[in-house]
Amino acid sequence: MSSLSPHTEVGYVKRNKRNGKPYGNYFGYYRFPDESQVQKTKLEIREKRFAEQRLREIIDHKYAIRTGMKPSDDQLHIARKPLAEYINEYVDSLKARELKPETIRKKRPMLTRLCDECDWISIADLSAPDYESWRKESDLSAKSKNHYLQAAGAFSNWLMGNGWMERNPFKAVKPARVEGNETRPRRPISIDEIDRLIECCPCPNRRMIYMHSFATGARKNEMKAFRWSDVDLDPENPTITYRKGETKNTKPERNPIPHWLAEALREFKPADAKPDDAVFTKWIGTHTLDIDLERAGIPKLNAHGESACLYSLRHAFNQTMQEADVPFRHAQRFMRHQDPKHTANTYLDSDGLG
């Protein structure tokens, strides 16, 4: 039996039988040359010639999809589905992976903003030229623009992993240069200024935050996560533990702390403090820090336009280690940097070294 279509090796229509006689609607049967199994499809037609015509149409449509001349139903569904729905599914997948909440929190608004301002409606709209045009016109800092690029790239990789995209359009886009383009470059803060900041601060909680930040180099989110169970105030060997998932690189770490800080923490710790209680019950806003800097007679900006902030204390922690000739590998560990360049450059004022 020859096939109804030149594209297939098998192609015919057939009806079921009852009491030896055909009855009901026709079914279509076909097989392409590279297939081993015959496909069966309902035609919902009782007339043979119309059933054969319908089967030819089905085979031609399947052949066009196989050769790329027409999109499949799945491809059409993917193309028509709004990007907003994919973004929601992406954020849900990040939550299912149990990533840090602060990592997930900004993804949806960042991707939504890109879609709105680049006029991306469907997956097919995602493009590097659109992003680069947006980046050129945007007033955001270079660092923020890179965060948006990273979010778009990670989202595209997720779409590829699910088979909804063939390639990541942002893979070849180079990030913006951050060094020298900071909107608010941080300035180093001297030991004398830190002493004045701590001495003039009237709030015990803020005073302890300043002391802890300078003495350990802990980041803001790490300090917010500290519980009293993380602090070992042993008189001989006081330590602080950074729990898994609470650090920037998500790795646990246990570091020594200075004895003077341990003594200050013992005095600061409430008598009824429980192990799961937060060490710092309130945090510091930029406005409050500015007030404390002014109270201590410390200028917010230096002659280079660099700004003092809480991270200036982390900067000073690294600077102090370098001036004290702490071995570089130890300094990198205490700063919890994966890339040694951050320890050597980003958090180091070479002009201040003797």
Residue among A308, A331 that alone is among the small types (G, A, S) and without any contact (Cβ under 8 Å) to a residue 24 or more places away in the chain: A331
Selection within segment 122-166 - assigned to a helix (DSSP H, G or I), modelled with pLDDT under 90, over 18 Å from the mean Cα position of the chain (by Cα) and over 24 Å from R97 (Cβ atoms): A124, D125
Counting only helices (runs of 4 or more DSSP H) entirely within segment 194-300, those with at least 1 residues that are under 15 Å from S312 (Cα atoms) are 204-216, 220-225, 286-295
Among the residues of segment 256-284, which ones are surrounded by 12 or more Cβ atoms within 10 Å (Cβ to Cβ), more than 20 Å from P235 (Cβ to Cβ) and not acidic (D, E)? A278, F280, W283, I284
Reported set for segment 106-121 where residues are in a helix (DSSP H, G or I) and either closer than 23 Å to L94 by Cα or among the small types (G, A, S) (or both) is K107, R108, P109, M110, L111, T112, R113, L114, C115, D116
Restrict the check to segment 140-150 and report whether at least one residue is under 19 Å from R108 (Cα atoms), open to solvent by 30 Å² or more (accessible area, probe 1.4 Å) and small (G, A, S). yes
Residues to consider are R314, R336; find the one that is open to solvent by less than 30 Å² (accessible area, probe 1.4 Å), closer than 13 Å to I189 by Cα, under 24 Å from the mean Cα position of the chain (by Cα) and not β-branched (V, I, T). R314
Of (1) hydrophobic (A, V, I, L, M, F, W, C); (2) at pLDDT below 90; (3) not in a loop (DSSP other than H, G, I, E, B), A176 satisfies all except one. Which? (3)
Search result, residues across segment 219-240 that are within 33 Å of the chain's Cα centre (by Cα) and not hydrophobic (A, V, I, L, M, F, W, C): R219, K220, N221, E222, K224, R227, S229, D230, D232, T239
How many of the residues making up segment 200-218 are over 31 Å from the mean Cα position of the chain (by Cα) and open to solvent by 40 Å² or more (accessible area, probe 1.4 Å)? 4
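For segment 182-199, give me each residue that is of a type in the set (V, I, T), open to solvent by 50 Å² or more (accessible area, probe 1.4 Å) and either free of Cβ contacts under 8 Å to residues at least 12 places away in the same chain or farther than 15 Å from C309 by Cβ (or both).
I191, the sole residue that qualifies.
The values are calculated or read from the model by the stated rules, or taken from the named source; none is laboratory data. Worth saying up front: this structure is predicted, and the values here are computed from it rather than measured. Cβ atoms come from the backbone with ideal geometry, glycine included; neighbour counts cover every protein chain shown. When the accessible area is computed, the model is the full protein with side chains, heavy atoms only, and any ligands, DNA or RNA have been set aside. Shrake-Rupley method; radii C 1.70, N 1.55, O 1.52, S 1.80 Å.
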